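The structure appears below as structure tokens.
The values are calculated or read from the model by the stated rules, or taken from the named source; none is laboratory data. Everything numeric in this text was worked out from a predicted model, so none of it was measured. With ideal geometry, Cβ positions are generated from the backbone for all residues, glycine too; neighbour counts draw on all protein chains shown. Only protein heavy atoms, including side chains, enter the accessible area calculation; ligands, DNA and RNA are left aside. Shrake-Rupley method; radii C 1.70, N 1.55, O 1.52, S 1.80 Å.
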Amino acid sequence: MTQTTPNHTQSVAGWAALEQNGKITPYVFKRRENGPDDVTIKVLFCGMCHTDLHHLRNDWGITFYPLVPGHEITGLITKVGSNVSEFKVGDRVGVGCLAASCLNCEFCNDSQENYCEQVQFTYGGIFWDGSITYGGYSEMLVAHKRYVVHVPDGLPMDGAAPLLCAGITVYSPMKQHNMMQPGKKLGVVGLGGLGHVAIKFAKAVGLHVTVISTSPSKEKEAKDRLGADEFLLSTDVKQMRAHSRTLDFIIDTVAAKHSLGPILDLLKVKGNLVLVGAPDKPVDLPSFPLIFGKRMVSGSMTGGMKETQEMMNFCAKHNITCDIELVKPDNINEAMDRLARNDVRYRFVIDITAAKSSL
Ligand code: NAP
Ligand code: ZN
């Protein structure tokens, strides 16, 4: 599908996959003119979320091609519309997963735009004007002001980029379940982009953190550098059993099909497991660990805009940034392959300014 919308007149250099599992290649496309409620952003950095990989492979059966991925975007405002007073040219800003919502329902009115029935995402969505949205693997973005946040002074633009998805996706359920305050015991399943930020948030507020991982090689770093208190190998049945009924809350960030049974056993009675990882196949959910421990399982999808700004401010206050490896646009495919192999500590971020512009 290609853009045919009339006011999409601005040419933008970006990077796209043209077909399922295709390589990501330079791709010039059109964006809309900056409308009265829009801001135009010169993109500086864009994180590579595992969701980008799911989309590239069409894991969820919902991908449109050409696909310009990217929803962990930081950049500088270059233009503001006539109705925009919240931002000015030169401001450091971020854009996450959301591009549009109805702005009129109970969820939008409560700044939970992410749960609006008409929510549209930063890429692979359908914008109000009928055009397909293209993400942050590109040099410029036009965004409605509602879905833009300030990047507070003191946060580096590269290390802050993944906060716009990975950060808010763990912050929102942690806050909802009263885990953004000290005292409780948190479990983090999967030590990747989302998981490593969850540990940082938890340590900033004084939680006890147990990492549950498939990668023995991550133990030392998880404890010594990220500050995790305990590290469990999910493949070690004895170790997992020895920790049954020890955790208040678990956030599961795993990107592939797995069994929730042994994870649920780690929860205390009435404990909560929140799924944020989005495997392409259903996870195994046995009834017994739920029944015997009166435990709960739920899900959570990114966060609303007010909460996203709150999370950015929290990160500035606590000096939290993501552990990143910068990649040049020419090396996106290599980075994507490494992401698929679980070979990243803990987020690739594309340095968009390193592009040889194809315009
Ligand atoms: P990531 O950096 O690749 O981390 C995922 C982690 O899952 C890996 O580091 C790995 O940790 C663990 N894992 C275990 N088995 C795996 C397998 N077979 N394949 C891949 N990972 C495996 O991914 P991410 O960017 O944090 O995203 C994680 C998931 O969350 C993805 O499914 C993504 O689409 C989803 N997501 C959801 C939302 C939302 O709103 N709910 C937002 C963003 C992302 P260990 O090595 O420690 O086992
Ligand atoms: Zn994401």
**Message:** Just checking, does the range 266-286 include any residue being without any contact (Cβ under 8 Å) to a residue 40 or more places away in the chain and part of a helix (DSSP H, G or I)?
**Reply:** no
**Message:** Here is a check on your reading of the model: is Ala222 over 30 Å from Ser111 (Cβ atoms) and crowded, with 23+ Cβ neighbours inside 10 Å?
**Reply:** yes
**Item:** Residues located in the range 57-84, provided they are among the hydrophobic types (A, V, I, L, M, F, W, C), over 13 Å from Tyr134 (Cα atoms) and touching a helix residue (DSSP H, G or I) at 6+ places or on another chain (Cβ under 7 Å)
**Value:** Trp60, Val84
**Asked** Within the bounds of the range 94-103, is there any residue that is in the same structural domain as Phe29 (by TED's automatic domain parsing) and more than 20 Å from the chain's Cα centre (by Cα)?
**Response** yes
**Request:** Answer with yes or no whether Glu334 is more than 15 Å from the chain's Cα centre (by Cα), within 30 Å of Ala17 (Cα to Cα), in the same structural domain as Lys42 (by TED's automatic domain parsing) and part of a strand (DSSP E or B).
**Result:** no
**Asked** Condition test on Gly159, is it touching a Phe, Trp or Tyr at 6+ places or on another chain (Cβ under 6 Å) and under 30 Å from Ala16 (Cβ atoms)?
**Response** no
**Request:** Could you look through the range 285-309, keep only residues that are open to solvent by 70 Å² or more (accessible area, probe 1.4 Å) and of a type in the set (D, E, K, R), and pick out the one that is nearest to ligand 1 (Cβ to nearest atom)?
**Result:** Lys306
**Only one of Lys281, Lys257 that is of a type outside the set (Asp, Glu), open to solvent by 70 Å² or more (accessible area, probe 1.4 Å) and within 19 Å of Gly195 (Cα to Cα)** = Lys257
**Residue ID - modelled with the lowest pLDDT, chosen from residues in the range 141-158 that are farther than 20 Å from Asn83 by Cβ and either within 16 Å of ligand 2 (Cβ to nearest atom) or open to solvent by 10 Å² or more (accessible area, probe 1.4 Å) (or both)** = Gly154
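Residue-wise test of (1) on the phi > 0 side of the Ramachandran plot; (2) out of contact with any helix residue (DSSP H, G or I) (no Cβ under 6 Å at 6 or more places or on another chain); (3) open to solvent by less than 40 Å² (accessible area, probe 1.4 Å).
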residue	(1), (2), (3)
Leu164	no, yes, yes
Ile168	no, no, yes
Met179	no, yes, yes
Ala202	no, yes, yes
Val209	no, no, yes
Ala228	no, no, yes
Arg241	no, yes, no
**Request:** Kindly establish whether Lys184 is among the charged types (D, E, K, R) and either touching an Asp or Glu at 6+ places or on another chain (Cβ under 6 Å) or assigned by TED's automatic domain parsing to the domain that holds Gly75 (or both).
**Result:** yes
**Request:** Can you run down the residue pairs with Cβ atoms below 6 Å, 6 or more apart or on separate chains, where the first is in the range 39-60 and of a type in the set (Phe, Trp, Tyr) and the partner is open to solvent by less than 30 Å² (accessible area, probe 1.4 Å) and part of a strand (DSSP E or B)?
**Result:** Phe45/Thr74; Phe45/Val349
